[in-house]
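The values are calculated or read from the model by the stated rules, or taken from the named source; none is laboratory data. These figures come from a predicted structure and were not determined experimentally. So basically every Cβ, Gly included, is an ideal-geometry build from the backbone, and we count neighbours across all protein chains shown.
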Amino acid sequence: MDTPSPAGLPLRERKKLRTRHALVDTALRRFTADGFDATTLDDLCAEVEVSKRTLFRYFTSKEDLALAPTHDMWTAFLAELRVREPADGSTLLELLQDTLLVVLARMPRDGWAERAAASCRLAGSTPSISAHGLQFCDRTTRAAIAVVAERFGVVEDDLRLRLALDVVVAAFRAALERWASRPGAAAREELPERLREAFAAVPGSVRMTLPGL
């Protein structure tokens, strides 16, 4: 299903979404300008004018805040994977790739791309954010394995299933990093293009030979 627009949500949910966005936007701006370690949760709460208790309703840590944009995307990926039907004759890898591209196209247009780019750049320069992201990726991969196994009768410890998901995650990370590293603000529509390029490069990466060998 499509991600509901804020205008279509009840007032209470719209307020919660605005608070969440304000926390993420403030965190990404302060982490980038002042440094991740130098910015405290108290600083963020004071600027957004919310209590720490309110912040912890949405996020577990500063790292969780910093990675919220891509966390949201992968959470949506799991939801879509539970219901998306594969095309006739498609492979598991194609289903996973198609699911991620569909979810990426549905991500909110009110600043999600800018947040994702800022989050990626922070992760590249902050070890604790990068480590938190790897832990989240592992949890997401395990959850996706469980979804595919339940829906299609695949054995969960089938190595091919794990590797297919690892390939999709790695392709997205490569595409995101290449996109976010562009000078200035990368256009939102370029991220799906970079992701398709990464997917297209997967078969060649397996067959790639080294010069002189």
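Listed residues Thr60, Thr70, Thr39; which is surrounded by 14 or more Cβ atoms within 10 Å (Cβ to Cβ) and not in a helix (DSSP H, G or I)? Exactly one residue qualifies, and that residue is Thr39.
Just checking, which of Ala123, Ala66, Ala117, Ala149 is under 16 Å from Val169 (Cα atoms) and among the small types (Gly, Ala, Ser)? Walk me through how you get there before you give the answer.
Details: Ala66 fails: under 16 Å from Val169 (Cα atoms); Ala117 fails: under 16 Å from Val169 (Cα atoms); Ala149 fails: under 16 Å from Val169 (Cα atoms).
When all the criteria are applied, what remains is Ala123.
Within the stretch 80-87, is even one residue under 22 Å from Glu177 (Cβ atoms), at pLDDT 95 or above and surrounded by 13 or more Cβ atoms within 10 Å (Cβ to Cβ)? No, there is no match, as no residue in the stretch 80-87 is under 22 Å from Glu177 (Cβ atoms), at pLDDT 95 or above and surrounded by 13 or more Cβ atoms within 10 Å (Cβ to Cβ). The set of residues in the stretch 191-210 that are within 19 Å of Gly111 (Cα to Cα) and out of contact with any helix residue (DSSP H, G or I) (no Cβ under 6 Å at 6 or more places or on another chain) contains only Glu193. Against the definition (closer than 21 Å to Ser181 by Cβ and among the basic types (Lys, Arg)), how does Arg115 come out, yes or no? So Arg115 fits the description; yes. For the stretch 96-141, a residue qualifies if it is among the charged types (D, E, K, R) and either farther than 18 Å from Arg29 by Cβ or exposed (fewer than 14 other Cβ atoms within 10 Å of the Cβ) (or both), and the qualifying residues are Asp98, Arg106, Arg109, Asp110, Asp138, Arg139.
Condition check for Arg82 on (1) farther than 26 Å from Ala123 by Cα; (2) over 19 Å from the mean Cα position of the chain (by Cα): one failure, at (2).
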